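One structure is given below, encoded as structure tokens.
The values are calculated or read from the model by the stated rules, or taken from the named source; none is laboratory data. In this text, all values refer to a predicted model and were calculated from it rather than measured experimentally. Cβ coordinates were reconstructed from backbone atoms using ideal geometry, including for glycine residues, and neighbour counts include every protein chain displayed. When the accessible area is computed, the model is the full protein with side chains, heavy atoms only, and any ligands, DNA or RNA have been set aside. Shrake-Rupley method; radii C 1.70, N 1.55, O 1.52, S 1.80 Å.
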Amino acid sequence: MLIQLSQLSVWGGGFAFSDLRLIHLMNLLEAPRPAKSLLPLVGQFAYSCSYHITLWMQLSGIPCWLRGENAYYRQKREALGLADNSFGEFLKFRRLADHSQKLELRSSWLNRVKLVLSNLGLVSNSINFPMPAHNSARLDFTYKGEPSLSERLNSLWNEKLRLVELLEGERARANLSSLKLAELEQEIEVLIGRSQSMVARIGDLEAENEGLIRRSQVMGARISELEGHSEAFRVRKLALIERITRLGHDFHAVQSDRNWIHSELGRVNKENTRLQAEVAQCWDAQVAAQSQINLLYQSTSWQLARPVRVLVRYYRTRRFDAAGNVGLFEALRRVARKLRVPAKVRSFVGRKLEVCRR
């Protein structure tokens with residue numbers, strides 16, 4: 001079995017193999033030795049956490065299992081031809097992926113690249129990259145496979161707890177909103193009454209203003225005729241002008257009040273719409289709870305426990321029904337109706353049991 005040093009450190013004392021062979025790849029790369037001095041790499045199967053080591057083992061003729069717990073490594077496992085769904089299935093069949101077609105395609109591609117490079121002239125072997133700007137976006141490096149599946153599950157669980165807490169808060173707010181809705185409806189009725197009276201008042205003031213404007217026009221013409229005859233007419237003209245000005249100010253004040261009332265009505269309508277939506281949500285929750293209660297009443301356990309509930313009710317209240325109308329005498333009377341007993345016997349027994357009736 002071929003494994004990596006990183007996997008050995010994870011196993012620790014659980015590693016049960018005493019005979020092993022250590023191959024340090026970095027030493028081979030830094031100080032390569034003759035091929036004759038290297039022992040052939042053999043094994044029944046290999047276990048690796050790196051897709052590079054997995055490909056190396058497959059090319060060496062050794063079936064290798066690639067461990068992976070996220071979408072990234074599942075993609076690599078599929079690309080390396082690992083068709084087994086579990087490590088146990090891999091140990092059972094130990095299938096070796098066939099990369100012959102891919103190697104032929106790679107060899108063909110390398111030959112094409114060599115042909116292209118051989119036909120190129122001398123070029124510079126250096127590439128210059130400009131320095132990034134100071135205001136460029138910063139990207140944090142994240143190692144492949146991070147965050148892990150457990151970290152993502154923990155994050156989703158914490159998010160679920162936060163949403164549950166928010167849901168409880170919204171339910172509490174919905175209970176308060178029903179009370180606030182009733183208060184707002186009363187306030188809306190008051191505001192609607194005030195707005196109707198203000199609209200009627202505005203209509204009266206507009207009509208009065210139009211009449212005053214017409215009267216002022218008539219009076220202006222008449223004042224123009226009498227202006228040179230009497231100082232009293234001039235004083236009266238000034239008084240009328242002052243009154244018209246005051247009425248104009250009153251009209252503008254009423255107009256501003258009307259605009260304010262319209263804005264308040266718009267705000268109240270929006271608040272009413274929002275509260276109606278909250279009431280609809282509360283009503284849906286109530287319907288769901290009622291459906292669960294109906295399912296409980298229709299369950300088999302509820303039907304089977306019915307005689308026990310009747311006996312317990314009779315023991316506590318001396319009545320068989322929840323309304324308290326059926327006692328022992330009434331129960332015997334209803335049973336006697338269903339039995340084929342002569343009328344004389346039934347009357348005799350009824351008189352004897354009359355003393356038990358409450």
Extending each Cα 7 Å along its Cβ direction at residue 161 and residue 190, get the distance between those two points in nm, one decimal. 4.6 nm
Report the full-extension gain for the segment residue 232 to residue 41: residue separation times 0.36 nm, less the Cα-Cα distance, to one decimal in nm. 55.8 nm
Give the long-range amide H neighbours of residue 46: residues separated by 5 or more places, or on another chain, with amide H under 5 Å away, using H modelled in the peptide plane at 1.01 Å from N. 2, 64, 65
Once R0 is set to 22 Å, what does the formula 1/(1 + (r/R0)^6) return for the Cβ-Cβ distance between residue 224 and residue 244, expressed as a FRET efficiency to the nearest 0.05? 0.85
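Counting Lys +1, Arg +1, Asp -1, Glu -1, what net charge surrounds residue 86 among other residues with beta carbon under 14 Å of its beta carbon? Can you show the working numbers first?
On the way: positive: 67, 74, 77, 92, 94, 95; negative: 69, 84, 89.
Counting the neighbours of residue 86, the net charge comes to +3.
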Suppose R0 equals 22 Å. What FRET efficiency, 1/(1 + (r/R0)^6) with r the Cβ-Cβ distance, do residue 268 and residue 170 give to the nearest 0.05? 0.45
Net charge around residue 272, counting only other residues with Cβ within less than 13 Å of its Cβ (Lys, Arg = +1; Asp, Glu = -1)? -3
Round to the nearest 10 and report in Å² the accessible area of residue 116, as given by a 1.4 Å probe over the protein chains' heavy atoms. 90 Å²
Gain on full stretching of the segment that runs from residue 200 to residue 89 - 0.36 nm per residue minus C-alpha separation: 31.3 nm
Once both label points are put 7 Å beyond Cα along the C-beta direction, the residue 338-residue 96 separation in nm becomes 8.2 nm
What aspartates and glutamates could a cross-link reach from residue 338, if we take a straight Cα to Cα line under 20 Å and drop same-chain neighbours fewer than 8 places away? 321, 330, 354
Tally Lys/Arg at +1 and Asp/Glu at -1 over every other residue whose Cβ is under 14 Å from the Cβ of residue 110; what's the total? +3
Measuring from centroid to centroid over Cα atoms, what is the spacing of the stretch 185-244 and the stretch 43-71 in Å? 98 Å
Work out, step by step, the length gained on full extension between residue 107 and residue 122: first 0.36 nm times the residue separation, then minus their alpha carbon distance; give nm to one decimal. 2.9 nm
Rounded to the nearest 10 Å², the 1.4 Å probe accessible area of residue 223 is 10 Å²
In nm, to one decimal, how far is the residue 251 label point from the residue 303 one, both placed 7 Å along Cα→Cβ? 8.0 nm
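Report the FRET efficiency, 1/(1 + (r/R0)^6), for residue 207 and residue 296, where r is their Cβ-Cβ distance and R0 is 56 Å, rounded to 0.05.
Numbers: r = 67 Å, r/R0 = 1.20.
That gives a FRET efficiency of 0.25.
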